[in-house]
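Quick notes on the structure that follows.
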Amino acid sequence: MDYGKGFYTTTSKDQADKWVARKISATGTDKGFTNIYSFDESGFETLNVLKFDSANEQWLDFVMQNRTEKNFSHDYDIVYGPVANDRVYAAFALYEDGMLDKEGLIKELRAYKLADQVLFHSIKSLEYLHFENTVEVCK
């Protein structure tokens, strides 16, 4: 949702386990699985990559385009940057409702410790991603 359609990953084991735990709760099952991948970094030289080092104005604009513009599309193979957690979603809602301006939202986001997310947006980008292992996550 933040970066568009595609295959989302993170470099944070904690974040990945939280994503799985959320799915476990939503489906009522007792366990789920986190898949572990490696990435061939030569892809950074050949792919069209958009990287956000922090929750800045450009990141916010890009995320809002993906969330609010129905036909928004981009041609990046990979997008890397911060992931919005539950506290960030609440701040986004205030921004979307006009109760918080862009500057205020960015200031608030900088106070949060945000995990990262990596979107593999194109088939070409997936060629650089290699499955390594699966780890069980229990409720």
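Here is a yes/no grid of residues against (1) closer than 20 Å to E132 by Cβ; (2) among the basic types (K, R):
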residue: F7; (1), (2): yes, no
residue: A26; (1), (2): no, no
residue: N35; (1), (2): yes, no
residue: F39; (1), (2): yes, no
residue: G43; (1), (2): yes, no
residue: K51; (1), (2): no, yes
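Against the numbered list (1) touching a helix residue (DSSP H, G or I) at 6+ places or on another chain (Cβ under 6 Å); (2) farther than 28 Å from Y128 by Cβ, K70 comes up short only at (1).
Could you look through segment 25-42, keep only residues that are of a type in the set (A, V, I, L, M, F, W, C) and within 18 Å of T9 (Cα to Cα), and pick out the one that is surrounded by the fewest Cβ atoms within 10 Å (Cβ to Cβ)? Looking at the filtered set, the residue picked out is F33.
Return the only residue of S25, S38, S54 being part of a loop (DSSP other than H, G, I, E, B) and among the small types (G, A, S). Only one candidate passes the filter, namely S54. Counting only helices (runs of 4 or more DSSP H) wholly contained in segment 61-139, the ones carrying 2 or more residues that are in contact (Cβ under 8 Å) with a residue 60 or more places away in the chain and either on the phi > 0 side of the Ramachandran plot or under 18 Å from the mean Cα position of the chain (by Cα) (or both) occupy 123-126.
FYI, it's all coordinate maths here, none of it is from the lab. Keep in mind the model is a prediction, meaning the values are calculated, not measured. Quick reminder, even Gly has a Cβ in these numbers, built from the backbone with ideal geometry, and neighbours come from all protein chains shown.
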